[in-house]
Amino acid sequence: GPESHAAYQQKLIDAFESIAQCRHPVIGAVQGYALGAGFVFAACCDIVIAADDAYFALPEISLCVISGVGYALKMLPEGAARYACLTGLPLRAEEMLRYGAVGRVVKREDLEEEAMKTAERIAELPPHAVMYMKELINQHCNHEHRRKFKLEDAYTGRLFGLPEKAEAVNAFMEKREPDYGRRT
């Protein structure tokens, strides 16, 4: 329901912000599927390294949930973000690399090593310079994700109580195609 959804969303916002506002650079190593909140967690990282088998998607729209739009727009150009948000279909790691959303794509077996090499490189740099650089990047990017996420939550709240919301969730739980009463 709307009340439990709002509490859940607040916990997610706090988790996302803890990554984005961490004083130290956060490196995301993504393998397999980064769906929904997984996509957003990746978007909150300073550097994302993806395995060649990684997929990124915001499939929430199929469940009548509007979420992740602000983060998709942070990672992707507007056209790609619109595609991801409006279709819920996944983007492969190589596509994300082309969009500049990930820093590197490596074989899955090399993912941890590549992430550690990147972390070691950053650790060799002057610590205060790294910390201030991250702070400055965050200020330049003017992250207003908390406000944007609350706006997305408000739009999702509009969907509660609608028949299509119930049908979307029921169809998902029953592992069937939803029937929104459209005639072809």
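Between residue 107 and residue 119, what is the label-point separation in nm under the 7 Å Cα-to-beta-carbon projection? If labels sit at residue 119 and residue 107, their model points lie 2.2 nm apart.
Here the spin labels are modelled as points 7 Å beyond Cα on the Cα-Cβ line, and at residue 98 and residue 169 they lie 3.7 nm apart. When all protein chains stay in place and ligands, DNA and RNA are ignored, the 1.4 Å accessible-area order of 180, 71, 155, 8, largest first, is 8, 155, 180, 71.
Whenever you get a sec, line up 61, 27 from highest to lowest accessible area (probe 1.4 Å, protein heavy atoms). Working shown, then result.
Details: 61 75, 27 45 Å².
Order by accessible area, largest first: 61, 27.
Surface analysis of the chain yields an accessible area of 61 Å² per residue, using protein heavy atoms and a 1.4 Å probe.
The accessible area of residue 44, taken with all protein chains in place and a 1.4 Å probe, comes to roughly 10 Å². Considering helices alone, the calculated mean residue ellipticity of the chain at 222 nm is -17500 deg cm²/dmol, with DSSP H runs of length four and up weighted by -39500 (n - 2.57) and normalised per residue. Shown for the chain: the carbon plus sulfur share of the solvent-accessible area, taken with all protein chains present and a 1.4 angstrom probe, equals 56%.
A probe of 1.4 angstrom, applied to the heavy atoms of all protein chains, finds residue 53 with accessible area near 50 square angstrom.
For the range 110-184, GluC sites (Glu not before Pro) are listed when DSSP marks them as loop and at most 11 other Cβ atoms sit within 10 Å of their Cβ; the list is 144, 174. Measuring only protein heavy atoms, the 1.4 Å probe finds residue 85 accessible over about 20 Å².
The values are calculated or read from the model by the stated rules, or taken from the named source; none is laboratory data. As the structure is a prediction and not an experimental result, all values here were calculated from the model. No Cβ is skipped: glycine too gets one built from the backbone with ideal geometry, and neighbour counts run over all protein chains shown. Note: areas computed on protein heavy atoms with side chains; ligands, DNA, RNA excluded. Shrake-Rupley method; radii C 1.70, N 1.55, O 1.52, S 1.80 Å.
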